[in-house]
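The values are calculated or read from the model by the stated rules, or taken from the named source; none is laboratory data. None of the values given here were measured: they were computed from a predicted structure. Every residue, glycine among them, receives a Cβ derived from its backbone with ideal geometry; neighbour counts consider all protein chains shown.
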Ligand code: PEP
Ligand code: MN
């Protein structure tokens with residue numbers, strides 16, 4: 001059960017203290033307080049955990065200071081969609097809206113290699129009207145002898161160049177809590193020219209200590225990727241785990257599942273789960289066609305599999321696309337063979353636009369059917 005307090009009843013107030021005192025005295029119930037900081041106001045929510053079936057909504061509703069009471073299912077208390085759900089399905093970050101109703105393309109380098117390549121990428125993004133990118137500085141690799149990213153050494157020039165080309169948000173994977181401070185320091189040193197969305201990679205979806213650290217900070221939103229060998233429910237629980245520490249600005253990323261049944265793609269594409277995640281939770285959903293497909297194979301109709309699969313995710317309502325590009329894929333230190341070429345960026349953006357328009361028309365048609 002969630003209690004939403006009246007706008008003027010914040011944790012410091014007397015009414016709030018009295019309300020908490022009453023709730024704490026209830027048998028078999030634990031409480032947890034969350035504050036949701038919006039642009040206009042801060043909303044305070046009290047989570048009642050435990051034997052809430054014995055409580056009557058009307059009784060709790062009538063307590064002083066209470067605005068609304070929502071009875072939630074056991075699962076995904078914070079990020080889930082529940083009966084009578086009116087909590088938002090979007091958040092703002094660095095001037096951009098990330099929601100279940102928006103779409104952003106994060107095209108960029110799988111791994112930062114040289115300053116020249118970063119600049120060529122950022123410039124191309126600006127020329128194509130894109131304001132987000134992906135830039136890997138910390139790379140977990142399957143083989144321990146492979147290149148693991150330039151780490152903090154590359155952050156200052158990545159951030160400076162992002163500022164120069166008007167990039168507002170960079171998706172960047174971190175694999176250890178110490179990377180958070182390194183990113184903060186580099187942003188500080190460069191005068192905060194851009195924003196960062198922290199990425200938790202598929203190998204760390206259930207790294208609960210990392211989830212806690214990332215969940216406790218409020219500076220950056222988080223892209224949590226689905227674990228490639230666990231159920232959807234387990235991955236959504238990981239997102240909930242993170243959010244339960246305080247940070248609810250979470251995007252959920254689909255990136256394919258590790259199974260030979262997906263051959264010849266690198267992973268079994270799971271974008272059919274885009275609408276499922278949107279139904280179960282309030283998170284915007286990201287798709288990663290590059291790490292799903294893992295090649296530049298082309299279908300007989302002339303389209304790369306990566307284009308086809310991106311369109312499949314977008315036409316199903318995806319809200320974010322994480323996609324590998326590289327100015328010189330042959331020289332890329334990570335995932336060159338799957339990268340799209342700079343000359344393909346314009347085509348990619350246009351192809352996504354077509355798929356998005358089709359999605360919007362499908363939603364309008366469904367709305368008209370429901371209305372008629
Ligand atoms: C990545 O996006 O660079 C990446 C390593 O993805 P994943 O964690 O999905 O493998
Ligand atoms: Mn990669």
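Can you go through 270, 297, 288 and tell me which one is away from ligand 1 (no atom under 16 Å from the Cβ) and at pLDDT 95 or above? Spell out the reasoning first.
Details: 270 fails: away from ligand 1 (no atom under 16 Å from the Cβ); 288 fails: away from ligand 1 (no atom under 16 Å from the Cβ).
Answer to the selection: 297.
Whenever a residue of segment 187-209 is without any contact (Cβ under 8 Å) to a residue 60 or more places away in the chain and closer than 17 Å to residue 151 by Cα, its partners that are assigned to a loop (DSSP other than H, G, I, E, B) and away from ligand 2 (no atom under 16 Å from the Cβ), lying with C-beta atoms within less than 7 angstrom and at least six residues away or across chains, give the pairs 196/220; 198/220. Scanning segment 129-161 for residues that are touching a strand residue (DSSP E or B) at 6+ places or on another chain (Cβ under 9 Å), within 13 Å of residue 107 (Cβ to Cβ) and more than 11 Å from ligand 1 (Cβ to nearest atom) gives 130, 131, 132, 133. Taken over segment 162-175, residues that are within 18 Å of the chain's Cα centre (by Cα) and either within 16 Å of ligand 1 (Cβ to nearest atom) or surrounded by fewer than 24 Cβ atoms within 10 Å (Cβ to Cβ) (or both) amount to 8.
Per-residue answers, yes or no, for (1) loosely packed, with under 12 Cβ neighbours inside 10 Å; (2) without any contact (Cβ under 8 Å) to a residue 40 or more places away in the chain; (3) within 28 Å of residue 92 (Cα to Cα):
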site	(1), (2), (3)
5	no, no, yes
14	yes, yes, no
18	no, no, no
33	no, yes, yes
39	yes, no, yes
56	yes, yes, no
59	yes, yes, no
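For segment 131-145, residues that are out of contact with any helix residue (DSSP H, G or I) (no Cβ under 7 Å at 6 or more places or on another chain) and modelled with pLDDT of 95 or more total 5. Tell me, please, whether a residue that is in contact with a helix residue (DSSP H, G or I) (Cβ under 8 Å, 6 or more places away or on another chain), crowded, with 19+ Cβ neighbours inside 10 Å and not in a helix (DSSP H, G or I) can be found in segment 347-367. Scanning segment 347-367 turns up no residue that is in contact with a helix residue (DSSP H, G or I) (Cβ under 8 Å, 6 or more places away or on another chain), crowded, with 19+ Cβ neighbours inside 10 Å and not in a helix (DSSP H, G or I).
Taken as a whole, the condition of being on the phi > 0 side of the Ramachandran plot and within 16 Å of ligand 2 (Cβ to nearest atom) does not apply to residue 324.
In the set (1) under 19 Å from residue 28 (Cα atoms); (2) in contact (Cβ under 8 Å) with a residue 60 or more places away in the chain, the condition left unmet by residue 78 is number (1). When the residues of segment 277-299 are filtered to those that are touching a helix residue (DSSP H, G or I) at 6+ places or on another chain (Cβ under 7 Å), touching a residue at least 60 places away in the same chain (Cβ under 8 Å) and assigned to a helix (DSSP H, G or I), the one that is nearest to residue 92 (Cα to Cα) is 280.
Only one of the numbered conditions (1) within 16 Å of ligand 2 (Cβ to nearest atom); (2) on the phi < 0 side of the Ramachandran plot is not met by residue 294, and that is (2).
Scanning segment 300-334 for residues that are within 17 Å of residue 120 (Cα to Cα) and not in a loop (DSSP other than H, G, I, E, B) returns 323, 324, 325, 326, 329, 330, 331.
So that you can scan it fast, the table gives a plain yes or no per residue for (1) over 13 Å from the mean Cα position of the chain (by Cα); (2) assigned to a loop (DSSP other than H, G, I, E, B); (3) within 14 Å of ligand 1 (Cβ to nearest atom):
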{"residue": "209", "(1), (2), (3)": "yes, no, no"}
{"residue": "218", "(1), (2), (3)": "yes, yes, no"}
{"residue": "253", "(1), (2), (3)": "no, no, yes"}
{"residue": "275", "(1), (2), (3)": "yes, no, no"}
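Quick check on my filter: what residues within segment 105-128 are within 15 Å of ligand 1 (Cβ to nearest atom), in contact (Cβ under 8 Å) with a residue 60 or more places away in the chain and not in a helix (DSSP H, G or I)? Those that are within 15 Å of ligand 1 (Cβ to nearest atom), in contact (Cβ under 8 Å) with a residue 60 or more places away in the chain and not in a helix (DSSP H, G or I): 105, 106, 107, 108, 109, 110, 111, 113.
For segment 81-104, give me each residue that is under 13 Å from the mean Cα position of the chain (by Cα) and in contact (Cβ under 8 Å) with a residue 12 or more places away in the chain. It would help to see each step written out before you state the result.
As a first pass, look at segment 81-104 and keep what is under 13 Å from the mean Cα position of the chain (by Cα): 89-93, 97-100, 102-104.
Passing the criteria: 89, 90, 91, 92, 93, 98, 99, 100, 102, 103, 104.
Filter segment 333-346 down to residues that are closer than 18 Å to residue 292 by Cβ and within 16 Å of ligand 1 (Cβ to nearest atom) and give me whichever is surrounded by the fewest Cβ atoms within 10 Å (Cβ to Cβ).
Pass one, segment 333-346, residues closer than 18 Å to residue 292 by Cβ: 334-340, 344.
From what is left, the residues that are within 16 Å of ligand 1 (Cβ to nearest atom) are 334-340.
Values: 334: 20, 335: 19, 336: 17, 337: 12, 338: 24, 339: 24, 340: 22.
Among those residues, the one meeting the criterion is 337.
For beta carbons closer than 6 Å, sequence separation of 6+ or different chains, a first residue in segment 139-154 that is under 13 Å from residue 333 (Cβ atoms) and free of Cβ contacts under 8 Å to residues at least 24 places away in the same chain and a second that is assigned to a loop (DSSP other than H, G, I, E, B) and within 14 Å of ligand 1 (Cβ to nearest atom), the qualifying pairs are 148/139; 148/141.
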